[in-house]
Amino acid sequence: MGALDGRVAVVTGASRGIGKGCALELAAAGALVYATGRTVAEGEAPLPGTIGATAAEIEAAGGRAVAVRCDHRDDAQVLALFERVRREHGRLDVLVNNAFLIPPELIAGLPFWRCPISNWDDMIDVGLRSAYVASVFAARLMVPHKAGLIANISSSGAAEYAWHVAYGVGKAGLDRLTADTAHELREHAVAVVSLWPGLVRTERAEASRAALPSLDFDSAESPRFSGRAVAALAADADVLRRSGRAFAARELAEEYGFRDVDG
């Protein structure tokens, strides 16, 4: 028996990276996972990974998953996703807002005035706004059942400079979204938390190693470490006590007693 048997989860941006790690761990704990993303075939994106591959890996491990192509910049596609969940299950227990559009300038070290203004739209639209939109539709499924967890994948960039001006603004906004949606959802017993992963060995990070020689990738977290944090939160019957706040993944590991895949 898994701690999340019978639960239904949506993980956005689950083709690769932290989203994939969250999808894998929620499924390993027993949840049925809807894994969303734009990549359905290898080669469509510059990095490896597809939503189908994520679902296949879950199913090969004995879990249950549904791959759903969804561009989280398109509200109609997002609404269709949640309407499908409503139609097929009538409920939603966990939403992981992970979808994020990373422009190539993020790690270029350029000051904001030398970057395309579109960087702002990229990281605010698919990151902050997309999390708001998904939270709206998720809340409509969670509130009637008086239960649920929304986990927003944020960053310590919400509190200190990291990477790019628009990145930090987006993450700070995401943590404010966590605080304010938690305030309105508390009376309905729906919890909202922000998760701050550390340096994570995502496909993107591995591809950028040469450009980031100052970072210690050998001690970085695996994407599944964040997934274990979300799964632990989702299984916590008293998770509402954490609602409205941001937590580092390593902090939750100490409190809930989980470790990364390498021990």
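The values are calculated or read from the model by the stated rules, or taken from the named source; none is laboratory data. All of these numbers come straight from a predicted model, not from anything done at the bench. Backbone-built Cβ (ideal geometry, glycine too); neighbour counts: all protein chains shown. Note: areas computed on protein heavy atoms with side chains; ligands, DNA, RNA excluded. Shrake-Rupley method; radii C 1.70, N 1.55, O 1.52, S 1.80 Å.
Relative contact order for region 71-150: what is it in percent, counting Cα pairs under 8 Å that are at least 6 residues apart?
Relative contact order comes out at 46 percent.
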> Listed highest first by mean packing, meaning other Cβ atoms within 10 Å per residue, what order do 2-12, 199-209, 66-76, 107-117 come in?
Replying inline: 2-12, 66-76, 199-209, 107-117
>> Can you tell me how region 164-263 classifies by the Cα gyration tensor, rounded, prolate or oblate, using a/c under 1.5 as the rounded cut?
In response: oblate
>> Nothing charged except the Cβ atoms of Lys and Arg (+1) and of Asp and Glu (-1): what's the magnitude of the dipole of the chain about its Cα centre? Round to the nearest 20 debye.
In response: 480
> Considering the values [x] 19.4; [y] 18.2; [z] 20.3, which represents Kirkwood radius over Cα pairs in Å as calculated for the structure under consideration?
Replying inline: [y]
> Residue by residue through region 93-105, which ³J(HN,Hα) values in whole Hz follow from phi under the Karplus form 6.51 cos²θ - 1.76 cosθ + 1.60 (θ = phi - 60°), with glycine and proline marked x?
Replying inline: 9, 9, 10, 10, 8, 10, 3, 7, 9, 9, x, x, 6
>> Probe of 1.4 angstrom, ligands and nucleic acids ignored: what's the accessible area per residue over region 140-263, in square angstrom?
In response: 47
> If you count, for each residue, the other Cβ atoms within 10 Å and average over each peptide, how do 137-145, 238-246, 49-57 line up from highest to lowest?
Replying inline: 49-57, 137-145, 238-246
> Using +1 on the beta carbon of Lys and Arg, -1 on that of Asp and Glu, and nothing else charged, what's the dipole of region 180-263 about the Cα centre, debye to 20?
Replying inline: 80
>> Cut-off 12 Å, label point 7 angstrom out along Cα-to-Cβ of residue 40: give me the residues of region 55-82 whose amide nitrogen falls inside.
In response: 67-71
> How fast does region 43-104 diffuse by Stokes-Einstein, in µm²/s, taking the Kirkwood radius from C-alpha pairs at 37 °C and 0.692 mPa s?
Replying inline: 241
>> If I model region 98-163 as equal point scatterers sitting on the Cα atoms and use the Debye formula, what is log10 I(q)/I(0) at q = 0.27 Å⁻¹?
In response: -1.24
> For the chain, what's the relative contact order in percent, using C-alpha pairs closer than 8 Å and at least 6 residues apart?
Replying inline: 20
>> Can you find, among 109, 58, 148, the residue sitting farthest towards the positive end of the charge dipole of region 33-163, where Lys and Arg contribute +1 and Asp and Glu -1 at Cβ?
In response: 148
